[in-house]
Each structure stands twice: as structure tokens, then as C-alpha cells.
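Heads up: the structure comes next, in C-alpha cells.
The values are calculated or read from the model by the stated rules, or taken from the named source; none is laboratory data. Note that this is a predicted model, so its numbers are computed, not measured. Positions of Cβ are generated from backbone atoms using ideal geometry, with glycine treated the same way; all protein chains shown enter the neighbour counts.
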Amino acid sequence: MQKVTCIAPVNIAVIKYWGKSDEDLVLPLNDSLSGTLSTDFMCAKTTISTSPALEVNKFWLNGIEQSFENERLLNCLKEVKRRANQTLPHLNWNISICSENNFPTAAGLASSAAGYACLVSALAALYEIEGDISAIARRGSGSACRSVYGGWVQWCKGASPTGEDSIAKQIAPASHWPQMRVLILVVNDERKKYSSTSGMKRSVETSELLQYRATKIVPQRIEAITKAIINKDFQAFAQITMEDSNQFHAVCLDTFPPCVYMNDTSHAIVDVVHAYNDFKKSNKVAYTFDAGPNACLYLLDSEVEEVLSVIDYVFPPVVNSEGYLKGIPLSKKAIT
Ligand code: PMV
């Protein structure tokens, strides 16, 4: 019997991935960039065991058994096995996968990113493969490729039609900007109305703004935000982060029928952040929203206490967990 356990973190994109040029290979229309969060607060944990006595493959997610006939999971497994040493004795034994998230699943909190990064790193450990595994994690869930690395990570869309250069790379470690924190404001922890996969597909088919964003806007934003991170220029970083979140949700609304992910509370958080920045006469905090109503706020350590007291005052029940009170630092190391 062989057994491995891995944990992997969530990542929060500041330049969003939205739209695929190839559904099967999970190739994105544009590059994206994110910060990988510390695993102390939000992470996925996966244990995989294998033995010749296992009669069938098994998969549990958060204690509930799932079908193993999941195309994304099978693609990841196939790709890891293809890269493995073909003489490994346990290569053809059945496996049992047990995954759990310590935060709401499929609520737009990047659970699939942490989940697939974790699954692929556990498979890579089990079958002893080496080298970059981000291209394999990408086949599970696009954004998962960024959770393979810690700190600030760019997913380069690549140019190859087979996707081998559609990989993630670290542009700066977490230690480069140690004051950076992320606050997660959970507006709603229910599963989102429609998955990012179906939303993206519909956007690609119907949104004109998406094509413009992917080709004309994102390339220059990637360049500008990379520069802001390298120079630790929070003012510019926050400006680009908020603009990109707004444009991503504009694309969702430009989709037909529209994908509405943010709700009234999300918009109220946007207003509070702008009021706070106006009062401070510079960008001290930046919001970003994924495919759900929950807000992720990027800010520096020095600002956390004051921002939390404002949030607490405006939305009394929202921030009530000890865990969020210090702000989440970025992760030094992605996979453990
Ligand atoms: O990786 P997916 O298929 O769950 O898509 C994630 C898309 C966003 O979270 C909305 C943006 C991003 O870049 O993470």
C-alpha cells in the first residue's frame, strides 16, 4: 500500500482569467495573475492511497462520495501517469482519493483552484513525477495552475496549440512584499448559481467586450501590475486590481443571458472601499470579486485594523471569525 497527503492553497486573481480558446485543453484567452494565500487559513487537503487490494477507484469530496467518471479528474490522472516511470509497481493499482476544503466549496472562493492543485500534487508525489506540474493542474481547473506556486504568480496563456507552454510561473515570492494581506468577506457561502465553466463558455460565445478585454486590455494590465508588484507600488496595484475586477464583471453582464455574480452586498462593499480610499486620498485597499458575491480585499498590514473596524461597523455580522482578524498573508510555499 502507498499513501500520500498534500495541502494546497487558494489563489486570488488580480488580473482575471475568463474565457477559453480550447475547452478540452483548458487554454485561456488571456494571461492572468494572482496572489497565493497562506495555507494556514484556507486550503485544500487531499490524501490518496493505492493498494492492489482496492477493487475500484474511489473519490470523496468533503466526506461525500463522488463519481470517479469526472473528465477533469481523469485528464489529470492520465497526464500524471503518462509522465510517470512506467515500471512503477503501483502504476496500475486502483486509487482512493479523499479531498476536503476548510472553506466553502464552489462559492466563488477558488475552491477548485486549491482542490485541483492539491490533487495533482498528491498524484505527482504518488507516481514520483518531477518538473512543472502547473500544466497538469490546469487541465483540472484553469486557475489551479496558479496555486501550484507561492507568492505572486502569472499564468502565461502560451502559444502552442497543444498547451505545453500554458503554464504558471512565480513572478515574485511572498517575501518580496511581506506586508501584503488579503481579507475575505464571505457575503454568501452557498454554491454559485452557475459554474465558471458554463459562464465562461457563454461569455466566449456572446460577449464582444470579452474579445476586446483579452486582446487589448489584459496584456498591458499584466505588464503594469507586474511592475507595481516589483516596485511595491500599492497605489498602482490597487487601481489595476479594482479596474480588472470591474471589467471582468462587466464582461459577465455583457454575456447573453448575463452572468450575475455580484449582489447588493458586494456592490455596497465596493462603495465602502471607494469611500475609504477617497477619505485617505489614495488607494489603501483594493477589492476583487471572482465568480461569486464574496469580496477579497488586498491591503497592507498597516491598514488591516482600520479597514476591519470600518467593515465591522458597516456590515456588523460579516467579519466575525478570529481567523480573519489579522488578514491572510501570502504563501511562501504553495504545496506541502
Ligand atoms: O479555474 P476556474 O475554471 O474555476 O475559473 C476561475 C475564474 C475566476 O476565478 C473568476 C478568475 C481567476 O482568474 O481565478
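Any idea which residue in the stretch 280-295 is farthest from Val182 (Cα to Cα), counting only those that are hydrophobic (A, V, I, L, M, F, W, C) and modelled with pLDDT of 95 or more? Steps first, answer last, please.
Restricting attention to the stretch 280-295, the residues satisfying the condition of being hydrophobic (A, V, I, L, M, F, W, C) are 285-286, 289, 291, 295.
Remaining after also requiring modelled with pLDDT of 95 or more: 285-286, 289.
Details: Val285: 10, Ala286: 9, Phe289: 12 Å.
Once the filter is applied, the top-ranked residue is Phe289.
Regarding the stretch 110-124, can at least one residue be identified that is within 11 Å of the ligand (Cβ to nearest atom) and touching an Asp or Glu at 6+ places or on another chain (Cβ under 7 Å)?
Yes, some residue in the stretch 110-124 is within 11 Å of the ligand (Cβ to nearest atom) and touching an Asp or Glu at 6+ places or on another chain (Cβ under 7 Å).
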Please verify whether Val80 is in a loop (DSSP other than H, G, I, E, B), of a type in the set (Val, Ile, Thr), more than 16 Å from the ligand (Cβ to nearest atom) and in contact with a Phe, Trp or Tyr (Cβ under 8 Å, 6 or more places away or on another chain), treating the condition exactly as stated.
no
Yes or no: Val120 closer than 17 Å to Tyr17 by Cα, of a type in the set (Val, Ile, Thr) and not in a loop (DSSP other than H, G, I, E, B)?
no
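Would you say Ser207 is in contact (Cβ under 8 Å) with a residue 40 or more places away in the chain, touching an Asp or Glu at 6+ places or on another chain (Cβ under 8 Å) and within 13 Å of the ligand (Cβ to nearest atom)? Walk me through how you get there before you give the answer.
Details: in contact (Cβ under 8 Å) with a residue 40 or more places away in the chain: yes; touching an Asp or Glu at 6+ places or on another chain (Cβ under 8 Å): yes; within 13 Å of the ligand (Cβ to nearest atom): no.
Against the criterion (in contact (Cβ under 8 Å) with a residue 40 or more places away in the chain, touching an Asp or Glu at 6+ places or on another chain (Cβ under 8 Å) and within 13 Å of the ligand (Cβ to nearest atom)), Ser207 does not qualify.
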Which of the residues belonging to the stretch 14-49 are closer than 24 Å to Phe234 by Cα, polar (S, T, N, Q) and at pLDDT 95 or above?
Asn30, Ser32, Ser34, Thr36
Looking only at residues in the stretch 8-26 that are surrounded by 21 or more Cβ atoms within 10 Å (Cβ to Cβ) and in a strand (DSSP E or B), which one is nearest to the ligand (Cβ to nearest atom)?
Ala13
Among residues of the stretch 27-38 being more than 9 Å from the ligand (Cβ to nearest atom) and surrounded by 23 or more Cβ atoms within 10 Å (Cβ to Cβ), the residue farthest from Ile95 (Cα to Cα) is Gly35
Quick one: Arg146 ticks every box in (1) of a type in the set (Lys, Arg); (2) farther than 27 Å from Pro293 by Cα; (3) within 10 Å of the ligand (Cβ to nearest atom) bar one, so which box is it?
(2)
Any residue that is away from the ligand (no atom under 12 Å from the Cβ), modelled with pLDDT under 95, more than 14 Å from the chain's Cα centre (by Cα) and surrounded by fewer than 19 Cβ atoms within 10 Å (Cβ to Cβ) - is there at least one of those in the stretch 95-107?
yes
Of the conditions (1) under 28 Å from Val307 (Cβ atoms); (2) at pLDDT below 95; (3) not in a helix (DSSP H, G or I), Lys193 fails just one. Which one is it?
(1)
Can you find even one residue in the stretch 309-327 that is among the polar types (S, T, N, Q), over 23 Å from the mean Cα position of the chain (by Cα) and modelled with pLDDT of 95 or more?
no
For the stretch 150-166, name all the residues that are in contact (Cβ under 8 Å) with a residue 24 or more places away in the chain, surrounded by fewer than 21 Cβ atoms within 10 Å (Cβ to Cβ) and hydroxyl-bearing (Ser, Thr, Tyr).
Thr162
Exactly one of Lys232, Lys216 is away from the ligand (no atom under 16 Å from the Cβ), surrounded by fewer than 22 Cβ atoms within 10 Å (Cβ to Cβ) and not in a helix (DSSP H, G or I), and that residue is Lys232
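Collect the residues in the stretch 243-293 that are assigned to a helix (DSSP H, G or I) and within 17 Å of the chain's Cα centre (by Cα), keeping them in residue-number order. Break it down stepwise before answering.
From the stretch 243-293, those assigned to a helix (DSSP H, G or I) are 243-254, 264-280; that's our starting set.
Selection gives Asp244, Ser245, Phe248, His249.
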With respect to the numbered conditions (1) assigned to a strand (DSSP E or B); (2) touching a helix residue (DSSP H, G or I) at 6+ places or on another chain (Cβ under 6 Å), which one is the sole condition not fulfilled by Ser147?
(1)
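Any chance the stretch 44-55 includes a residue that's within 15 Å of Ser111 (Cα to Cα) and either without any contact (Cβ under 8 Å) to a residue 40 or more places away in the chain or away from the ligand (no atom under 14 Å from the Cβ) (or both)?
Our first condition is that a residue be within 15 Å of Ser111 (Cα to Cα); within the stretch 44-55, this holds for 44-46.
If we keep only those that are either without any contact (Cβ under 8 Å) to a residue 40 or more places away in the chain or away from the ligand (no atom under 14 Å from the Cβ) (or both) too, we end up with 45-46.
Within the stretch 44-55, one or more residues are within 15 Å of Ser111 (Cα to Cα) and either without any contact (Cβ under 8 Å) to a residue 40 or more places away in the chain or away from the ligand (no atom under 14 Å from the Cβ) (or both).
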Given (1) within 12 Å of the ligand (Cβ to nearest atom); (2) surrounded by fewer than 21 Cβ atoms within 10 Å (Cβ to Cβ), where does Arg138 come up short, assuming only one miss?
(2)
